[in-house]
Amino acid sequence: MPKLPMVLRIAEALRVRNLAELTGDQSAAVDLFTGPGHVRLPQVRAAINAYPQPTAGESPPVEHLKVRLDRAWGARHSAPDHRDVVGALLPELIRDAQLAVRQADGGGERRRAQGLLSQVYSLSQFFIAYQPDASLLWRVVERGMVAAQESEDPHAIGVAAWLAAQAHRDSGPGHFEEADAVNLGTVRYLDRLLPDAGDDVLAIAGALQFEAGYTAARRGDAGAAWGYWDAARAMAERLPAGYYHPVTSFSRAIMGAHAVTIAVELHAGGESVRQATAADGTAIPSRPRRARHRIEEARGYQLDGQAEASLAALSRAYEAAPETIRYNGYARRIVLEEAESKSPGQRRRAGELAVKIGALAA
């Protein structure tokens, strides 16, 4: 039997979600790519599963619902405990957005309400992702896509496709083709709109270009991955310097972090470190997105054999947004592996971090 570090690396390569599937030892039930169930998950699940009747109360005006949704997205980006904050807001947002669609007066109002409902489902997907309820995640993905298509809003369609592509890709290599089909089909749809598009549509088109590169990198296709990254960077350069997309974080500031991700997914340790050194993580205003960037840095440093730098990057991720690192399978894999290090100092630091993120009992 290989030692734990090698088992963890094999699990990551195969996207095995539970070590028991790899080892056959049910006592080793460590779920690497699914975080713990959040305390607010039952309330969010109940709101998604409910079908309120059109007479179940008066829906708020669409404009009021949009203000609430914008504030919820802002809270997600600014709060270190973003899952807790978003989980508290989602049940009423889901109910009111569903009612707004059912009570809409006329086609135009209904399309606007469908666009908002799609965005509420998008926010829900961020909350549900990497929690132990895959069927709930896929219901949200599918409902978000349907609502976006009903809205006929290019931006809503782009966001729903961006999230659907991620859900397919995260399901494993057998679903990469589905990820590309959704992703690249939406890129083609948006391409004809770009000459007259506003910043949000430009940004979601750029975000989709990067996602295609991300999937290519997961396949090991370096040429395609960096080609899509170049296309995304060109799109980012068309955006105002201070622009930051409220859902995807797409912007000029994010392209350095995206380059780290591409290099890491290609398992290029030296290039990952070079890109991490060049990227300015402090320029990313979103706390959860900044934390994810630090996790990608940690992966790059570990690929390059720099274990101490990897743990330091994970510590910075925890400082930025503890709830991001708790639900990230790669971070959990690194701390569990380093907890078996031959260096007493690294074992201690990794063990302390493992306890913080819930990968090991205190």
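With an 8 Å Cα cut-off and a minimum separation of 6 or more residues, compute the relative contact order for the range 146-284 in percent. Display every interim value, and only then the final one.
On the way: 176 pairs, mean separation 26.1, N = 139.
Reported relative contact order: 19 percent.
For the range 229-242, take each phi angle, set θ = phi - 60°, evaluate the Karplus expression 6.51 cos²θ - 1.76 cosθ + 1.60, and give the result in whole Hz per residue in order, putting x for glycine and proline.
Each residue's phi maps through the Karplus curve to give 4, 4, 5, 5, 4, 4, 5, 4, 5, 7, 8, x, 4, x Hz.
Normalised by the number of residues in the range 235-315, what is the relative contact order in percent for Cα pairs under 8 Å and 6+ residues apart? Can you show the working numbers first?
Details: 100 pairs, mean separation 21.1, N = 81.
RCO, the range 235-315: 26 percent.
Can you compute the equivalent ellipsoid semi-axes for the range 267-340, i.e. the square root of 5 times each eigenvalue of the Cα gyration tensor, sorted largest first and rounded to whole Å?
Details: eigenvalues 61, 52, 15 Å².
For the range 267-340, the semi-axes come out at 17, 16, 9 Å.
So what is the 222 nm mean residue ellipticity for the chain from helices alone, if each DSSP H run of at least 4 adds -39500 (n - 2.57) and you divide by all residues, rounding to the nearest 500 deg cm²/dmol? The partial results should precede the final answer.
Details: 18 runs with 254 residues, N = 362.
Dividing the helical sum by the residues of the chain leaves -22500 deg cm²/dmol.
Angle, helix 154-170 long axis vs. longest principal axis of the chain, Cα atoms, 0 to 90°, nearest 10?
30 degrees
Which value, in Å² rounded to 10, gives the accessible area of THR282 with a 1.4 Å probe and all protein chains present?
For THR282, solvent-accessible area is about 110 Å².
What percentage of the solvent-accessible surface of the chain, computed with a 1.4 Å probe over protein heavy atoms, is contributed by carbon and sulfur atoms? Working shown, then result.
Working: 7900 of 15250 Å².
Its accessible area is 52 percent carbon and sulfur atoms.
Compute the helix-to-body angle for 4-14: its Cα long axis versus the longest principal axis of the chain, expressed 0 to 90° and rounded to tens.
With both axes taken from Cα atoms, the answer is about 40 degrees.
With labels modelled as points extended 7 Å from the Cα through the Cβ direction, what inter-label distance (nm, one decimal) is found for ARG111 paired with GLU177?
Placing both labels 7 Å along Cα→Cβ, they lie 3.5 nm apart.
Kindly state, to the nearest 0.05, the FRET efficiency for TYR189 paired with ALA234, given R0 = 22 Å and r defined as their beta-carbon distance. Please report the intermediate quantities before stating the final value.
Numbers: r = 19 Å, r/R0 = 0.86.
So the FRET efficiency works out to roughly 0.70.
Give a quick list of trypsin sites (Lys or Arg not before Pro) in the range 175-250 that DSSP marks as loop, anything other than H, G, I, E or B, with at most 15 other Cβ atoms within 10 Å. Display every interim value, and only then the final one.
On the way: sites: ARG188, ARG192, ARG218, ARG219, ARG233, ARG238; in loops: ARG192, ARG238.
Answer by residue number: ARG192, ARG238.
Could you grab the relative contact order for the range 58-189? Cα pairs under 8 Å, six or more apart, rounded to a whole percent. Mind showing how you got there, number by number?
Values: 144 pairs, mean separation 25.1, N = 132.
Worked out over the range 58-189, it gives 19 percent.
Once a ≥ b ≥ c are taken as the square roots of the eigenvalues of the Cα gyration tensor of the range 307-362, is the result rounded (a/c under 1.5), prolate (a/b larger than b/c) or oblate (a/b not larger than b/c)? If you can, show how the numbers build up before the last one.
On the way: a/c = 1.81, a/b = 1.41, b/c = 1.28.
Prolate.
Mind checking the angle between helix 176-191 and the chain's longest principal axis? C-alpha axes, 0 to 90 degrees, to the nearest 10.
Taking Cα atoms only, the helix is inclined about 50 degrees.
Using DSSP loop states and a limit of at most 16 other Cβ atoms within 10 Å to flag GluC sites (Glu not before Pro), what is the longest stretch of the chain containing no flagged site? Spell out each step's value before the answer.
Working: sites that count: GLU58, GLU152, GLU340.
The segment 153-339 is the longest one with no such site.
Determine the order of ARG348, ARG252 by accessible area, beginning with the largest, at a probe radius of 1.4 Å.
Correct descending sequence by accessible area is ARG348, ARG252.
Please compute the per residue accessible area over the chain with all protein chains in place, 1.4 Å probe, rounded to a whole number of Å². Numbers along the way, then the final one.
Numbers: 15250 Å² over 362 residues.
Per-residue accessible area for the chain comes out at 42 Å².
Classify the range 175-320 as rounded, prolate or oblate, taking a ≥ b ≥ c as the square roots of the eigenvalues of its Cα gyration tensor: rounded when a/c is under 1.5, otherwise prolate if a/b is larger than b/c and oblate if not. Mind showing how you got there, number by number?
Details: a/c = 2.27, a/b = 1.45, b/c = 1.57.
Oblate, since a/c reaches 1.5 and b/c is not below a/b.
Which one, (1) 54; (2) 58; (3) 48, gives percent of Cα pairs over 25 Å apart as derived from the coordinates shown?
(1)
The values are calculated or read from the model by the stated rules, or taken from the named source; none is laboratory data. Note that the coordinates shown come from a computational prediction; the quantities given were computed from them, not determined experimentally. All Cβ positions, glycine included, derive from the backbone under ideal geometry; neighbour counts span all protein chains shown. Side chains included, ligands, DNA and RNA excluded: accessible areas come from the protein's heavy atoms. Shrake-Rupley method; radii C 1.70, N 1.55, O 1.52, S 1.80 Å.
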